[in-house]
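Peer 1: The structure follows.
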Amino acid sequence: MNEDGNTDEVTVLIVEDNKELALFIANSLSGPYHVQVAENGKIGYDMARKNPPDLIISDVMMPEMDGIEMCRQIKNNLYTSHVPVIMLSAKALLEDQLQGLQFGADDYISKPFNLDILKAKVHNVIETRRKIRSLFTARADIPQVNQESESLDDKFLSKAYDVLEQSYSNPDFSVEMFSDSMFVSRSLLYKKLKALVDLSPNDFIAIYRLKKARPLILSKEMSVSEVAYSVGFNDPKYFSRVFKKFFKKTPSEYLE
């Protein structure tokens, strides 16, 4: 998604075995979104695993793999766990909706559905995801992660915080060391951080250091150079430039 919130780069995957309905939904969303279609949960999961979309809209009752099982696999795979899922079902019973939500579905729409409601839910889920992704850079401090959450995404982000908390002061801490500490490949680390906080690993490390530097600057107990070195920057001048780029003020201006 673009920084201004435009949706021309947003991919929506529709998983529906009814070809007419799948085409109807695809045509309805193809204006603002890039739309892909899969005819059952197995194909949908394989497509999402190879190229995670920004959102999945899935039927529940399908051959080979139903929507509930696909949703469960999506939410239990680190490559795809961040992808929101909207479930569609002719089953209107509350227990059926609860089952979908318990397996990680982000929303649920009963068939037959109102197209405007579907469009609104798609927009809302994507916007909510965008706001969550921007939270890390939008706040001056480091956002808290729910330590009790069973979500793979929350666990991943919590571990990333733990790794950086132990390593941010080391000027030699690299993306390779970061990925090794996370027990994931560099490519997965990149994809996951882009999906969760919209940052590359290098930018994530740099901004984490800046967030740790801010309270040290405000305390006035250390010089700017001392703060820079303490949070892992080798060059105080470079630290000041990066600090100004992120906080819109130099460290000295921040104290005024």
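The values are calculated or read from the model by the stated rules, or taken from the named source; none is laboratory data. These numbers were taken from a predicted model, which means no experiment stands behind them. Methodologically, a virtual Cβ is constructed for each residue, glycine included, from the backbone with ideal geometry; neighbour enumeration extends over all protein chains shown.
Peer 1: Based on this model, can you work out whether SER230 counts as over 16 Å from SER174 (Cβ atoms) and surrounded by 14 or more Cβ atoms within 10 Å (Cβ to Cβ)?
Peer 2: For SER230, the condition - over 16 Å from SER174 (Cβ atoms) and surrounded by 14 or more Cβ atoms within 10 Å (Cβ to Cβ) - is met.
Peer 1: With a cut-off of at least 3 residues that are modelled with pLDDT under 95, name the strands (runs of 3 or more DSSP E) lying wholly within segment 1-106.
Peer 2: Qualifying strands (runs of 3 or more DSSP E): 85-89.
Peer 1: While we're on this one: Take TYR238 and tell me if it is of a type in the set (Ser, Thr, Tyr) and either in the same structural domain as ARG129 (by TED's automatic domain parsing) or crowded, with 18+ Cβ neighbours inside 10 Å (or both).
Peer 2: It is false that TYR238 is of a type in the set (Ser, Thr, Tyr) and either in the same structural domain as ARG129 (by TED's automatic domain parsing) or crowded, with 18+ Cβ neighbours inside 10 Å (or both).
Peer 1: Let me ask another. Could you please tell me which pairs satisfy a Cβ distance under 8 Å, a separation of 6+ or placement on different chains, a first residue in segment 137-166 that is not assigned by TED's automatic domain parsing to the domain that holds PHE247, and a second residue that is surrounded by fewer than 14 Cβ atoms within 10 Å (Cβ to Cβ) and not polar (S, T, N, Q)?
Peer 2: These pairs meet every condition: PRO143/LEU135.
Peer 1: Turning to a different aspect of this structure: Six or more apart or on different chains, Cβ atoms under 7 Å: show the pairs whose first residue is in segment 98-119 and under 19 Å from GLU16 (Cβ atoms) and whose second is buried (at least 18 other Cβ atoms within 10 Å of the Cβ) and modelled with pLDDT under 85.
Peer 2: TYR108/GLN97; TYR108/GLY100; SER110/SER89; LYS111/SER89
Peer 1: A follow-up question, please. Residues in segment 186-195: is at least one surrounded by 21 or more Cβ atoms within 10 Å (Cβ to Cβ) and either within 18 Å of SER134 (Cβ to Cβ) or assigned by TED's automatic domain parsing to the domain that holds LEU55 (or both)?
Peer 2: Within segment 186-195 (the criterion being surrounded by 21 or more Cβ atoms within 10 Å (Cβ to Cβ) and either within 18 Å of SER134 (Cβ to Cβ) or assigned by TED's automatic domain parsing to the domain that holds LEU55 (or both)), the answer is yes, since at least one residue qualifies.
Peer 1: Do we have any residue at all in segment 203-214 that's free of Cβ contacts under 8 Å to residues at least 40 places away in the same chain, of a type in the set (Lys, Arg) and either loosely packed, with under 15 Cβ neighbours inside 10 Å or in a helix (DSSP H, G or I) (or both)?
Peer 2: no
Peer 1: So, of the residues in segment 56-82 that are aliphatic (A, V, I, L, M) and without any contact (Cβ under 8 Å) to a residue 60 or more places away in the chain, which turns out to be surrounded by the fewest Cβ atoms within 10 Å (Cβ to Cβ)?
Peer 2: If we take residues in segment 56-82 being aliphatic (A, V, I, L, M) and without any contact (Cβ under 8 Å) to a residue 60 or more places away in the chain, then MET61 is surrounded by the fewest Cβ atoms within 10 Å (Cβ to Cβ).
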